[in-house]
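The values are calculated or read from the model by the stated rules, or taken from the named source; none is laboratory data. None of these values were measured; they are calculated from a predicted model. Counting neighbours? That spans all protein chains shown, and the Cβs are built from the backbone with ideal geometry, glycine included.
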Amino acid sequence: MIYDDRPWLKRYDPGVPADVDVPEISLVERLDRVAERFPDNHALYFLGVTLSYRELMAMADRFAQALIQNGCKPGDVVGIHLPNIPQYVIALIGAWKAGCAVSGVSPLMTPRELAYQMNDSQARALVTLDALFEHRLMAVADQLPHLKIVVVTGILDFLSPIKRFLGKLLKKAPHGKVKPLSGKEALWFKEALAEYPAAKPACTVTSQDRCLIQYTGGTTGVPKGTVLTHRNLIANLVQIEAWVNADEGKEVILSGFPFFHLAGLALGGVGLCLGAAQILIPNPRDTKHIVKEMIKCRPTILVNVPSLYMMLLAEPAFRKLDFSGLKFCLSGASPFPAESIRELEAVIGAGKLLEVYGMTETSPIVTMNPRLGVKKIGTVGMPVSSARVRLVDLESGEKQVPVEEEGELIVNGPQVMQEYLNKPEETRIALREHDGEIWLHTGDVARMDEDGYFTIVDRAKDMLNVGGFKVFSREVEEKLYEHPAIEFCAIIGVPNIERPGTEVVKLVVQISEGHKERDHETLKREIVSFARENLSPYKVPKIVEIVDRIPLTAVGKVDKKTLR
């Protein structure tokens, strides 16, 4: 029972408690308190526009009244189909104030994918861009019987008239035509904010009410709607607060995570609940714009996926910034190569990067490296306060594995989801009873060292079977990233036609800038030779493919589903 002894507690920073008390309040109550304490603090920065907490909460009240007076009731679902712009935050808080749950909808979805999520969640309202209205929603509007309200906005609507004109003139912002939809009420976002009163809704929102129905990526099947309550997110907020000891009302946060991904939404929520100012980044791959915002707004906290940090390192202006005011950076959602971590910390300052581990089903944070104490590069740190973690064998999912051995990571804590919406069998597989308590089976393979630090070895579905040997793709990728010609890489398994039921290792490579003109066949031989020198024979790639660009998901993770 080594995991129940919580060996990681001895490595906690001073003042971080073993457990936290989770207040029985909703996010609405917490945000109202923040607005009362810091009414004139900047809440949002967006392309030169700022909103204070007083302004943000008044707009959220107006949006809530628009939903209520157009037929939304407590418990209804509101889909938000936007990039990271002020309208997203206003709609998010407004929906919560109306007693509704929110479902983040990726703007990159196809019409078919949009229809699936809207119907599965039975969303009554959708907030969308005019361009997405024309090119996504209209194609499937007649297939959405539950949808009754569509709120439309333009990506530049919160800018000054001159900036809006210039943006459209230069075609920097997509826009589209909005037409009436049969059986659905269409509202313009800005008109709704002008028309409805800034009065707090009368409905009561409790800690047990549904807060989010957030869909997983669906890499192994159709996406699943993860049901999270206000208490789940408040619990993770309290855990993160205790861990990083942020200064309320003083932080400035820049995150490249999209709000339609739970990491972006939850960490954005943490920022709001801390009274922090948030720099909204509508296009996280526009590194030049990110650098300009950093110069202007001087963030104290950065939150990104590893691929974005690596893209920023390739931006010369990023390396010239003054990072003396940057307290720490969070990185999650995918592995961060050790060499790239060292390169980043050489620019931003030693010890400032905190790798984290989490998932949609855990609101999302489970583990984190300590802010002040020993950070072990390559690990995702240790469980945060009140989070209990075990590693169990991959075959039965019951037996706990020893220290330094691989097992499936399972989690128990106040941040763990309630269920998968409309999917009782999927819920039964994920949420299982151990010793009289419910634990979430994550599907992630990890190992723990004697100090209680966890290393994510692989997703169970990404683990390869090579001639009867287990090959963890992350381990192979981590070693190959040390080769100077490799900018990005991914390991996948392809069927071994000589031994049915097993796989061979395939490496997909994106070549770094200084090696792009070299002969590809020579590079392949060099990479395989490097692998043979540093890896066991069964882990060495048998196939190497060089591509112009490795596909990434909307969040910035390597898209192994597409690669396969």
So which residues in segment 516-530 are part of a helix (DSSP H, G or I), surrounded by 14 or more Cβ atoms within 10 Å (Cβ to Cβ) and among the basic types (Lys, Arg), if there are any at all? LYS524
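Residue by residue, here is whether (1) more than 28 Å from GLU405 (Cα to Cα); (2) among the hydroxyl-bearing types (Ser, Thr, Tyr); (3) out of contact with any strand residue (DSSP E or B) (no Cβ under 6 Å at 6 or more places or on another chain) holds:
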position	(1), (2), (3)
ILE486	yes, no, no
GLY493	no, no, no
LEU507	no, no, no
GLN510	yes, no, no
THR522	yes, yes, yes
ALA531	no, no, yes
PRO551	yes, no, yes
Can you list residue pairs whose Cβ atoms sit under 7 Å apart, with the first residue in segment 297-312 being assigned by TED's automatic domain parsing to the domain that holds PHE257 and the second being part of a loop (DSSP other than H, G, I, E, B) and among the hydroxyl-bearing types (Ser, Thr, Tyr)? Count only pairs 6 or more apart in sequence or on different chains. VAL305/SER334; PRO306/SER334
Number of the exception - ASP286 against (1) modelled with pLDDT of 95 or more; (2) acidic (Asp, Glu); (3) more than 14 Å from the chain's Cα centre (by Cα): (1)
Could you list, in sequence order, the residues of segment 492-517 that are under 14 Å from VAL528 (Cα atoms) and touching a Pro at 6+ places or on another chain (Cβ under 7 Å)? VAL505, LYS506, LEU507
Across segment 531-564, what is the total count of residues that are touching a residue at least 40 places away in the same chain (Cβ under 8 Å), under 23 Å from SER307 (Cα atoms) and in a helix (DSSP H, G or I)? 4
If we keep only residues of segment 101-113 that are out of contact with any Asp or Glu (no Cβ under 8 Å at 6 or more places or on another chain) and under 21 Å from GLY71 (Cβ atoms), then the residue surrounded by the most Cβ atoms within 10 Å (Cβ to Cβ) is VAL102
For residues that are under 22 Å from the mean Cα position of the chain (by Cα), assigned to a strand (DSSP E or B) and among the basic types (Lys, Arg), tally how many sit in segment 446-486. 1
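With respect to ILE497, is the statement that it is assigned to a loop (DSSP other than H, G, I, E, B) and in the same structural domain as ILE527 (by TED's automatic domain parsing) true? Even if it seems obvious, please write down each step before you answer.
On the way: assigned to a loop (DSSP other than H, G, I, E, B): yes; in the same structural domain as ILE527 (by TED's automatic domain parsing): yes.
It is true that ILE497 is assigned to a loop (DSSP other than H, G, I, E, B) and in the same structural domain as ILE527 (by TED's automatic domain parsing).
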Return yes when TYR45 is closer than 30 Å to GLY452 by Cβ, surrounded by fewer than 24 Cβ atoms within 10 Å (Cβ to Cβ), in contact (Cβ under 8 Å) with a residue 40 or more places away in the chain and not hydrophobic (A, V, I, L, M, F, W, C) and no when it is not. no
Name the one entry in THR427, THR455 that is among the hydroxyl-bearing types (Ser, Thr, Tyr), crowded, with 19+ Cβ neighbours inside 10 Å and at pLDDT 85 or above. THR455
Selection from segment 294-309 of residues that are in a helix (DSSP H, G or I) and either surrounded by 20 or more Cβ atoms within 10 Å (Cβ to Cβ) or in contact with a Leu (Cβ under 6 Å, 6 or more places away or on another chain) (or both): MET294, PRO306, SER307, LEU308, TYR309
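Restricting attention to segment 328-350, which residues are more than 17 Å from the chain's Cα centre (by Cα) and free of Cβ contacts under 8 Å to residues at least 60 places away in the same chain? If you could, list the steps in order and put the result at the bottom.
Taking segment 328-350 and keeping what is more than 17 Å from the chain's Cα centre (by Cα), we get 328, 337-350.
Once the filter is applied, which keeps residues that are more than 17 Å from the chain's Cα centre (by Cα) and free of Cβ contacts under 8 Å to residues at least 60 places away in the same chain, segment 328-350 yields ILE341, ARG342, GLU343, LEU344, GLU345, ALA346, VAL347, ILE348, GLY349, ALA350.
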Residue count, segment 52-93 (criterion: in a strand (DSSP E or B) and without any contact (Cβ under 8 Å) to a residue 40 or more places away in the chain): 1
With the first residue restricted to segment 423-436 and required to be over 20 Å from GLN214 (Cβ atoms), and the second required to be at pLDDT below 95 and part of a loop (DSSP other than H, G, I, E, B), Cβ contacts under 8 Å at 6 or more apart or on different chains are ARG432/GLY397; HIS434/GLU398
So MET417 ticks every box in (1) under 21 Å from the mean Cα position of the chain (by Cα); (2) at pLDDT 95 or above; (3) part of a strand (DSSP E or B) but one. Which box is left unticked? (3)
Failed condition for LYS461, given (1) crowded, with 21+ Cβ neighbours inside 10 Å; (2) touching a Gly at 6+ places or on another chain (Cβ under 9 Å): (1)
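Pick out the one residue from GLY351, GLY325 that is surrounded by fewer than 24 Cβ atoms within 10 Å (Cβ to Cβ), more than 29 Å from GLU513 (Cβ to Cβ) and of a type outside the set (A, V, I, L, M).
Testing whether each residue is surrounded by fewer than 24 Cβ atoms within 10 Å (Cβ to Cβ), more than 29 Å from GLU513 (Cβ to Cβ) and of a type outside the set (A, V, I, L, M) leaves just GLY325.
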Kindly indicate which of VAL244, VAL252, VAL270 is over 24 Å from ARG459 (Cα atoms) and within 18 Å of the chain's Cα centre (by Cα). VAL270
